Amino acid sequence: MQNQLISILIPFKNTSAFIAECLESIINQTYTNWEVVIVDDHSTDNSYSIVESFAKTDSRIQLYKNKGKGIIDALQHAYSKSKGTFITRMDSDDIMVEDKLQTMYDDLMTHGKGHVALGLVKYFSKAGISDGYSKYQSWLNKLTKQGTNYSEIYKECVIASPCWMVYREDFEKCGGFNSDLYPEDYDLVFRFYKQALKCIPSTKLLHYWRDYNYRTSRTQANYSHDMMLELKLHYFLQLHLDKEKTLVIWGAGHKGKYAANYLIKRQVKFKWICDNPKKIGKHIYDQELHDFKHLENFKNPQSIISVANPKAQKEIKAYLNAQNMESMVDYFFFC
């Protein structure tokens, strides 16, 4: 069957400055058999009335108010009202390229169930894009071009939250939005990975990702670096911890300490190494820090690497590869 219904799920809150442009980019899509299920998460500006005016003139736009509170409740409510064979999410402050839906639809029709359609993304902002966001965009797009997104899943979120599409059946198998873990977009990506949905490579720019200083991911604690690290550790223990190996943490900075504390609270045994002479031989949380070369003394090590410096990461990777260790099996970069 061709031209099946695509459900576009949109939570929104106080995005009156951008939401009309977002909806116009959907209305202008070359693929026309879609429904927008859009849920207001207790806006205090005139966002709701703007969407309401669109809904009155286009029956494909269904507007609701969040029965709960927060983005996860809004997404759950949106999904409960959706009917599409395909599911995608959109952010209310972003813009779709006009053939985004058609491109993703075609990719899924070609590859079938068990896949997630992706596209390249581009940040834009009146104030300009920071070096950090520019690097993240380049890294993310490089993975997407190759379809190797999961290969670095513990570094950052490897699929842009508003730039994916899956079959409804696959979405259900992944648990949909029935999870209370934040960041909810990163959590969903881990569940795509857990369910073994294959990433379809894409070389096409499909989504413009808006940045501004009061964007949710910048202002809410649910999207902090610590919350992201906690989510990574949660899934690492589920998906990759090998109890036959010696778990090792590399690095004793903030992330290394956070990871160590997380593991101690869950009674997960580990060894701790670093290259800081001021810390080697010291104890943090009653755990001794060893020189990184001590790794060779550990039986069958499995490493969580919390070292962020790019040069140091290259040196660590070269060292581990020389020991015939395999990425995503024997070692995992967490930043």
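The values are calculated or read from the model by the stated rules, or taken from the named source; none is laboratory data. As the structure is a computational prediction, the values presented were derived from the model and not from experiment. Note that each Cβ is placed from the backbone with ideal geometry, even for glycine, and that neighbours are counted across all protein chains shown.
In the range 216-227, is there at least one residue being closer than 22 Å to Tyr105 by Cβ and in contact with a Pro (Cβ under 9 Å, 6 or more places away or on another chain)?
In the first step, residues of the range 216-227 are kept if they are closer than 22 Å to Tyr105 by Cβ; the result is none.
No.
Return yes when Ile273 is farther than 24 Å from Leu120 by Cα, of a type in the set (A, V, I, L, M) and part of a strand (DSSP E or B) and no when it is not.
Numbers: farther than 24 Å from Leu120 by Cα: yes; of a type in the set (A, V, I, L, M): yes; part of a strand (DSSP E or B): yes.
Spelling it out, Ile273 is indeed farther than 24 Å from Leu120 by Cα, of a type in the set (A, V, I, L, M) and part of a strand (DSSP E or B).
Can you tell me which residue within the range 224-241, out of those that are out of contact with any Asp or Glu (no Cβ under 9 Å at 6 or more places or on another chain) and either among the aromatic types (Phe, Trp, Tyr) or outside any helix (DSSP H, G or I) (or both), is modelled with the lowest pLDDT?
Checking each candidate, the answer is Ser224.
Answer yes or no as to whether Lys65 is among the charged types (D, E, K, R) and either touching a Phe, Trp or Tyr at 6+ places or on another chain (Cβ under 8 Å) or within 26 Å of Lys113 (Cα to Cα) (or both).
Values: among the charged types (D, E, K, R): yes; either touching a Phe, Trp or Tyr at 6+ places or on another chain (Cβ under 8 Å) or within 26 Å of Lys113 (Cα to Cα) (or both): yes.
Answer is yes for this residue.
Are any residues in the range 167-213 among the acidic types (Asp, Glu) and either in contact (Cβ under 8 Å) with a residue 24 or more places away in the chain or part of a strand (DSSP E or B) (or both), and if so, which ones?
Quick first cut of the range 167-213, residues among the acidic types (Asp, Glu) only: 169-170, 172, 180, 184-185, 187, 211.
If the condition is that a residue be among the acidic types (Asp, Glu) and either in contact (Cβ under 8 Å) with a residue 24 or more places away in the chain or part of a strand (DSSP E or B) (or both), then Glu169, Asp170, Asp180, Glu184, Asp185, Asp187, Asp211 are the ones that fit.
Looking at Thr30 and the list (1) touching a residue at least 12 places away in the same chain (Cβ under 8 Å); (2) part of a loop (DSSP other than H, G, I, E, B); (3) within 26 Å of the chain's Cα centre (by Cα), which single condition is not satisfied?
All conditions are met except number (3).
Check every one of the strands (runs of 3 or more DSSP E) wholly within the range 282-335 and list those with 2 or more residues that are free of Cβ contacts under 8 Å to residues at least 24 places away in the same chain. Spell out the reasoning first.
Numbers: elements: 287-291, 301-305, 331-333.
Once the strands (runs of 3 or more DSSP E) in the range 282-335 are filtered for at least 2 residues that are free of Cβ contacts under 8 Å to residues at least 24 places away in the same chain, what remains is 287-291.
Please go through the range 280-323 and give me each residue that is crowded, with 16+ Cβ neighbours inside 10 Å, at pLDDT 95 or above and over 32 Å from the mean Cα position of the chain (by Cα), ordered by number.
Within the range 280-323, Ile280, His290 meet the criteria.
Pairs under 6 Å by beta carbon, first residue in contact (Cβ under 8 Å) with a residue 12 or more places away in the chain in the range 103-120, partner of a type in the set (Phe, Trp, Tyr) and surrounded by 19 or more Cβ atoms within 10 Å (Cβ to Cβ), six or more apart or different chains?
Lys113/Tyr167; Val116/Trp164; Val116/Phe192; Leu118/Trp164
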